[in-house]
Amino acid sequence: MIKKNIMKNGKEKLPENWDIATIDDISTVILGQSPSSSSYNFDRKGLPFFQGKAEFGAFYPKVKKWCTAPKKIAKKNDILISVRAPVGPTNLSPSECCIGRGLAAIRPYEGILYKYLLYFLRSIESNIESQGTGTTFKAISGAILKSVPISLAPTYEQKRIVTEIEKQFSRLDEAINTFKRMKINLKQYKASVLKAAVEGKLTEEWRKANPDIEPVDILLERISLERRKKWEKAELTKMKARGKMPKGDKWKKKYKEPSKPDLENLPGIPDSWLWVKLESVTEIKGGITKDSKRKVESPKELPYLRVANVQRGYLDLGKIKHIAVPSKRVPDVLLEKGDILFNEGGDRDKLGRGWIWEGQIDQCTYQNHVFRARLYLDGMNGKWFSWFGNTFGQQYFMAKGKQTTNLASINKTMLSAFPVPLPPIDEQSQLIKKIDKDFSVIDKIDEEIDNNLKRSEHLRQSILKKAFSGKLVKAIPGEETAKTLLERIQRQRTKEKAQKPSTKKGKRIMTLKNTYIALDEVDDDHLSKILTKDNVVIDPKSLWQKSELTIDDFYAQLKLEVEGKLIEETPEKLLKLIA
């Protein structure tokens, strides 16, 4: 339990004027309850309505909808805590608002600063998260939330602690923002390196010093020869499979030379380079179609790349799935080292993103939403074409992509026609060396920035840990102690309880035959108390009749107490307390 964890390492290390209390000791907890969906609106009518973590910001949630018939209301600066998947994140209520079942509002008593409590809860968020229960999604009950222990400082010390936390966080945030700006600058520098490379400026001096290299038109002739050879070999294989071998060379006339690309809107390149279509220099193929219903003859399980694996400028191989491939097709669908990968579909700005396959996984294939482009000529490096596709190519793919309701896509024809700059092969090698060298330096700096960002988050937690162990600010002798503060809060609670009407005589729901207690008037362990009092194992119907709740409210409350591990169902479908 959270209480045990903190009590074990908490009170004995706290200053003498501090104390340990629970959330229930120092605040009122309001569990959210979702109103009727008919009261939701986007027209700013009623109160802002918050349902869970999805609306949270750094401190305040973003209003996405409103509610005209709220059931549970939080007040301004109440602490909003997510109690359902995920459990633990916090925000502050920006104003009076309606809260759904995914949230609870914590309203501190006088003498407890809301920001002190907010920062404390953030310091133990992972502990609170670990208390979540449930199979479908994790949730925390009101009873467990109320029992969360708080390291409590005296009121005036709370103020000094909050001031010091925010002072140190402000400096930390400045450093973090500086690191983030540096990352943006590094990204821009990478783009400028590639721009200089594509425009020929990166190798301008090298070209002057090496005028006698193989001209690009000769290179293209060699590529075209290899392209034709591979086409002829593939055609002969097809004809052989059909049992119809050709007589003479007439069939070779079917070969189509790729046309020249459209040069409109393309960046300028050196005169010694050429623009060509991607299909001129690579063989392009789609991958294996994933279909759970298809029957595969003599299947072989292969690892395969999905769209999620093929990122812009790198491959994410953390999660690799497998697919059954007919054994006879395996040689045709395996990736080879140097293959260039392009994504076929997804969000419009992600079309065509990709990188180079470097043989990281043995016998790996790829799905049909990924294209592979294989260079015809040995000695060329696909990095050059992938870099171009990931930068200048984005505009081409976004313009050519076809949009459906949710996704955009490119087809093989569009990718084949993609215009790419072709430098002489010797210059390609120089370009890749220079780009790799610059990128290596940039990546090392970027990695160090990421490490600093991680250290910054660790430092943030360290500041909070120091704050709530009494080591961030000094105590001032003579101030009211936390024990005195708790006694004052207890007197206030007792007074309020005496003035509050009894639940049994409070708000009730009237029907034609019965009077029921409203759900927001019962305790979090309402049904558990009934089982404790009667000391029985009971069927749901009997427990409902004893609960004085409507049938819908009964099952809502039962679900809450089962998820909170207060009640469990036996194999005989009876209900009992969890010991």
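Quick notes
- All positions within the range 519-547 that are over 20 Å from Lys72 (Cβ atoms), among the acidic types (Asp, Glu) and assigned to a loop (DSSP other than H, G, I, E, B): Asp539
- Flag not set for Thr68, criterion: more than 30 Å from Glu480 (Cβ to Cβ), at pLDDT below 95 and of a type in the set (Val, Ile, Thr).
- Filter result for the condition that a residue is over 29 Å from Lys190 (Cβ atoms) and in contact with a helix residue (DSSP H, G or I) (Cβ under 8 Å, 6 or more places away or on another chain), over Leu472, Leu459, Leu453: Leu472
- The range 195-217: number of residues that are among the hydrophobic types (A, V, I, L, M, F, W, C), touching a residue at least 24 places away in the same chain (Cβ under 8 Å) and under 13 Å from Asp426 (Cα atoms): 3
- For the range 481-495, the criterion of being part of a loop (DSSP other than H, G, I, E, B) and under 21 Å from Glu164 (Cα atoms) is satisfied by at least one residue.
- Within the range 482-494, residues that are hydrophobic (A, V, I, L, M, F, W, C) have Cβ atoms under 9 Å from residues that are in a helix (DSSP H, G or I) in these pairs: Ala482/Thr155; Ala482/Glu157; Leu485/Ile26; Leu485/Thr155; Leu486/Asp25; Leu486/Ile26; Ile489/Asp25; Ile489/Ile26, counting only partners at least 6 apart in sequence or on another chain.
- Residue in the range 77-90 that is farther than 30 Å from Ser528 by Cα and either in contact with a strand residue (DSSP E or B) (Cβ under 7 Å, 6 or more places away or on another chain) or among the aliphatic types (A, V, I, L, M) (or both) present: yes
- Cross-chain or 6+ apart pairs with Cβ under 7 Å, the range 558-572 first and within 11 Å of Ala139 (Cα to Cα), then assigned to a strand (DSSP E or B) and not hydrophobic (A, V, I, L, M, F, W, C): Val562/Glu568; Glu563/Thr133; Gly564/Thr133; Lys565/Thr133
- The range 444-476: number of residues that are touching a residue at least 24 places away in the same chain (Cβ under 8 Å) and closer than 18 Å to Glu125 by Cα: 10
- Members of the range 421-441 found to be of a type in the set (Val, Ile, Thr) and either touching a Cys at 6+ places or on another chain (Cβ under 7 Å) or crowded, with 16+ Cβ neighbours inside 10 Å (or both), listed by number: Ile425, Ile432, Ile435
- Gln430 meets each of the listed conditions (1) touching a Ser or Thr at 6+ places or on another chain (Cβ under 6 Å); (2) in the same structural domain as Ser327 (by TED's automatic domain parsing) apart from (2).
The values are calculated or read from the model by the stated rules, or taken from the named source; none is laboratory data. No experiment lies behind these values; they were computed from the predicted model shown. Glycine also receives a Cβ, built like all others from the backbone with ideal geometry; neighbour counts cover every protein chain displayed.
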